[in-house]
């Protein structure tokens, strides 16, 4: 916040003290303004839900939160410090489930996850348990190429579960998943939020969850 | 949930993991590695057929042909450096990883050199013999090619990072890289020519080494910045 004479307002205080916060975000892509003057705050145990039709800028906002897009105005803060000033630290606190899974088709599931393990702090969860929970324990030795789209997404979810991070960024996590898969994702998110985690989710379907939800309706 | 005492993996593990993954991918998809190598071998074997087999002419043109072919083969292989990572989204995952991006870019470039530059260096003696190059000169040529291909891989990674989102960016990539690659070609080919003429050639080796070290220390940062820009 820039220095000023008057005291910060209540909303501004909330924005500054939250774990993940953003104030007055504006993003222009080409000649289109995707969002303008957007504020949000997210604290431990909370879910930030980005809603809106296709092409309304959900993924762009997600990329901006991950520090990959430069914004027209506004800043995103993590622990009160701008994300772009502490990119590496911030990236150590998040894992991103993108639309494209980011897994290598020619490598097996274990090889893919092993690569991730060398980059990011891992949780104490037993990998075998995670595979069993996601129903992918039989696919360990197969190259990703031979897996279905839904199975690949489950592998991407395994990567998310195995990382020891408080912030989950999930871009359309239900894509390609069957009914049980979608239910499983909701359970996983609930568990994560229950353990003081945070989640930013872009979805175009209704999400029912037993946790504090902040909704951003994008135009 | 987060244990603050637990530390992130070290940057060396990030460097090694990126290089290892790319080497593993190259092992599983050998076609990508062999393509530039075939190109190199083909240009070098076709050239004598076209200009005629006179010994004098071959000895004269050998260093130049080998070097131009090596340069073009390296340029040809650069497109795949970040291309497949961009398409399957793993580049995005690298961009949001807690590891420093220059280190990851260096890991990828190292794997690229091991799968494109090093095979060229190893194959070059066989091709050099067809140009009647004496063994003492072959050693010099391999040394210049080693230093040169390292530099080309590093410089090329900047161009590859800048053109990563573009379709058919190969021509643009070559245009971007060629001005930077010219000194490598001039120094490399002329050093070998000097060695073949029993002249003093060490200056060229030092200069190539200096260029390689300069690119090793600067190129990863430029590549990382370019990756961030082209992925906005």
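Read-outs throughout are calculated quantities, based only on the coordinates presented, and are distinct from any laboratory measurement. Please read all numbers here as calculations on a predicted model, not as lab measurements. Here the Cβ is made from the backbone with ideal geometry for all residues, glycine too, and neighbour counts use every protein chain on show.
General remarks:
- Cα-based Kirkwood hydrodynamic radius, the stretch B:150-196, one decimal, Å: 11.6
- The calculated P(r) of the stretch B:2-230, using every Cα pair and 10 Å bins from 0, goes 8, 32, 33, 18, 7, 2, 1, 0 in percent.
- Relative to the compact-globule estimate of 2.2 N^0.38 Å, the Cα radius of gyration of the stretch A:165-214 comes out at 1.07.
- Descending principal axes extents, the protein assembly as shown, alpha-carbon based, whole Å: 84, 60, 43
- For the stretch B:13-90, the Rg and Dmax computed from alpha carbons only, in angstrom: 17.1, 53
- Peptide-level mean, for A:118-127, of C-beta atoms on other protein chains within 10 Å: 5
- Pairs of Cα atoms in the stretch A:112-185 fall into 5 Å distance bins, from 0 up to the last occupied one, in shares of 3, 15, 27, 26, 21, 7, 0 percent.
- Two-site FRET efficiency, residue B:214 against residue B:32, from Cβ-Cβ distance with R₀ of 41 Å, rounded to 0.05: 0.90
- Prolate/oblate/rounded call for the stretch A:102-150, Cα gyration tensor, a/c under 1.5 rounded: oblate
- Hull-based mean projected area of the stretch B:106-232, where the convex hull spans the alpha carbons, in square nanometres: 8.1
- Antiparallel bridge percentage (DSSP; both residues within the protein assembly as shown; nearest 5): 45
- Applying D = kT/(6 pi eta Rh) to the stretch A:45-99, where Rh is the Kirkwood radius over alpha-carbon pairs, T corresponds to 20 °C and eta to 1.002 mPa s, the Stokes-Einstein value obtained is 173 µm²/s.
- Rounded to the nearest 0.05, the FRET efficiency derived from the C-beta distance between residue A:75 and residue B:175 at R0 = 41 Å is 0.65.
- Cα centroid separation, the stretch A:44-70 to the stretch B:80-150 (Å): 38
- Peptide A:103-113 is shielded by partner chain Cβ atoms: per residue, an average of 4 of them sit within 10 Å of its Cβ.
- Counts of other chain beta carbons within 10 angstrom of each beta carbon in peptide B:11-23 average 2.
- Beta bridges by DSSP in the stretch A:37-182, antiparallel share as percent, to the nearest 5: 50
- Kirkwood Rh and Cα Rg combined as Rg over Rh, evaluated for chain A: 0.98
- Contour minus Cα-Cα distance for residue A:145 and residue A:211 (0.36 nm per residue): 20.1 nm
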